[in-house]
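Just below is one structure, and these are the notes that go with it.
The values are calculated or read from the model by the stated rules, or taken from the named source; none is laboratory data. Keep in mind that this is a model prediction, so the values were computed, not measured. With ideal geometry, Cβ positions are generated from the backbone for all residues, glycine too; neighbour counts draw on all protein chains shown. To get the accessible areas, we keep the full protein, side chains included, count just its heavy atoms, and leave off ligands, DNA and RNA. Shrake-Rupley method; radii C 1.70, N 1.55, O 1.52, S 1.80 Å.
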Amino acid sequence: MPETVEPHPDLAPLAFLLGRWEGAGVGGYPTIESFQFGQEISFSHNGKPYLYYVSRTWLLDAEGVPGRPLAMETGFWRPQPEGKVEVLLAHPTGVVEIYLGEVTGTKIEMATDAVVRTSSAKEVRAGRRLYGLVGGGDLAYAYDLAAVGQPLQSHLSAQLKRVSTASSGA
């Protein structure tokens, strides 16, 4: 078992994200049916000046019963001087996004600086995300997307509860 590692001092602005979060959200887009989803997000560190991030989602039926897997993404959150943040996200669908943003207290606003995709991936042009702590310490977020010929608009939102504060690993 690796020893517990203290977070790098540069992570202080993002420390409120550390741990594992679970909850539910809603999604929709002009090209798909609206849906409800369950989600698990993990923010961890290894003592270096970045967080590593994993998110997975699954479909929820009308009664909240989990169904088939939906999206996944993984990446790195890199705090920068003066409250800035760089976020690199990779999706198994062949899309990689680079977000630039700003951290203000427990709120993070960011927008894509670049989106790259494989030849088989769906067209994704831009994204905008807002994360923050809301009443009782839940993590809420909203994700706007410009893809498949549609302009930037609401795609996903969720509210997650912290279920673990385990935050370090190899």
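Assorted remarks:
- In the calculated pair-distance distribution of region 69-170, the portion above 21 angstrom amounts to 39 percent of the Cα-Cα pairs.
- Share of Cα-Cα pairs in region 87-141 lying beyond 12 Å, as whole percent: 66
- Simple spin-label estimate for GLN153 and ALA12 in nanometres, 7 Å along Cα-Cβ: 4.3
- Convex hull of the chain built on C-alpha atoms - directionally averaged projected area, nm²: 10.8
- For LYS84, a cut-off of 22 angstrom between C-alpha atoms picks up these lysines, skipping any fewer than 8 places away in its own chain: LYS48, LYS107.
- The distance linking region 102-170 with region 1-36 is 9 Å (Cα centroid to Cα centroid, whole angstrom).
- In this Cβ point-charge picture (+1 for Lys and Arg, -1 for Asp and Glu), the chain has a dipole of about 160 debye about its Cα centre.
- In this label model, GLU109 and LYS161 are separated by 3.0 nm, measuring between points 7 Å along each Cα→Cβ vector.
- Whole-percent carbon and sulfur share, accessible surface of the chain, 1.4 Å: 56
- Here the Karplus relation 6.51 cos²θ - 1.76 cosθ + 1.60, evaluated at θ = phi - 60°, turns the backbone of region 110-125 into coupling constants of 8, 9, 5, 9, 8, 10, 10, 9, 6, 5, 9, 7, 5, 6, 10, 9 Hz, with x for every Gly and Pro.
- Solvent-accessible area per residue in region 1-138 equals 56 Å², computed with a 1.4 angstrom probe and all protein chains kept.
- Inter-label distance, TYR29 to MET72: 1.9 nm, where each label sits 7 Å from its Cα along the C-beta direction.
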